[in-house]
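The next block holds one structure in the form of structure tokens; read it before the comments.
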Amino acid sequence: MLDNSFNFPMRNSPQMLSTPANGQPRARKKVFIKPGFSQLDWMRLTTSGEDLRGVQELRALTAEEVAQHNKRNDCWMIICGKVYNVTRYLEFHPGGRSQLMRAAGKDGTKLFFETHAWVNFESMLKECLVGFLS
């Protein structure tokens, strides 16, 4: 017999909007994405050969060095000990620039996993990797 009680997404799955302590779902803020800045456009850019790192070679970086890159025209962040130059990605982020800027020049690991743990950031940002936190 077929079980019709299955619901998608499953309760407590990453696809569900996270709920605060009051149990009410959080409202999602929709952000208009300009033409040419979809996730597919980002994938095209990352495979175009354009330099998205902005550095000659990968190296060990201190948190103090990363903290200097906290502006919209120079934005680095740390996720899981890896440092990414997300400056070019700001316009492509589905949640808008302001969401990424919350971790500009800082360790954004906790924020990233609270928001969208199911996203493969290593694949999506591999061409933006500038180094590793020392």
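Among the residues of the range 61-84, are any within 11 Å of the chain's Cα centre (by Cα) and surrounded by fewer than 18 Cβ atoms within 10 Å (Cβ to Cβ)?
no
What are the residue pairs meeting all of these: first residue in the range 99-117, first residue closer than 12 Å to ALA67 by Cα, second residue assigned to a helix (DSSP H, G or I), Cβ atoms under 6 Å, and 6 or more apart or on different chains?
Correct list of pairs: ALA103/LEU111; GLY105/VAL66; GLY105/ALA67.
Which condition does GLU50 not pass, out of (1) modelled with pLDDT of 95 or more; (2) within 20 Å of ILE33 (Cα to Cα), if it passes all the others?
So the condition that GLU50 fails would be (2).
Kindly check whether there is at least one residue in the range 89-103 that is closer than 25 Å to VAL31 by Cβ, modelled with pLDDT under 95 and among the hydroxyl-bearing types (Ser, Thr, Tyr).
The answer is yes; a qualifying residue exists.
Tell me which residues, restricted to the range 36-60, are open to solvent by less than 70 Å² (accessible area, probe 1.4 Å) and hydrophobic (A, V, I, L, M, F, W, C).
PHE37, TRP42, LEU45, LEU52, VAL55, ALA60
For the range 48-78, give me each residue that is in a loop (DSSP other than H, G, I, E, B), in contact with an Asp or Glu (Cβ under 9 Å, 6 or more places away or on another chain) and in contact (Cβ under 8 Å) with a residue 40 or more places away in the chain.
Scanning the range 48-78 gives LEU52, ARG53, GLY54.
When you scan the range 114-122, do you find a residue that is in contact with a His (Cβ under 7 Å, 6 or more places away or on another chain) and under 21 Å from GLN39 (Cα atoms), even just one?
Among the residues of the range 114-122, not one is in contact with a His (Cβ under 7 Å, 6 or more places away or on another chain) and under 21 Å from GLN39 (Cα atoms), which makes the answer no.
The values are calculated or read from the model by the stated rules, or taken from the named source; none is laboratory data. Please read these numbers as outputs of a predicted model, since none were measured by experiment. Backbone-built Cβ (ideal geometry, glycine too); neighbour counts: all protein chains shown. Side chains included, ligands, DNA and RNA excluded: accessible areas come from the protein's heavy atoms. Shrake-Rupley method; radii C 1.70, N 1.55, O 1.52, S 1.80 Å.
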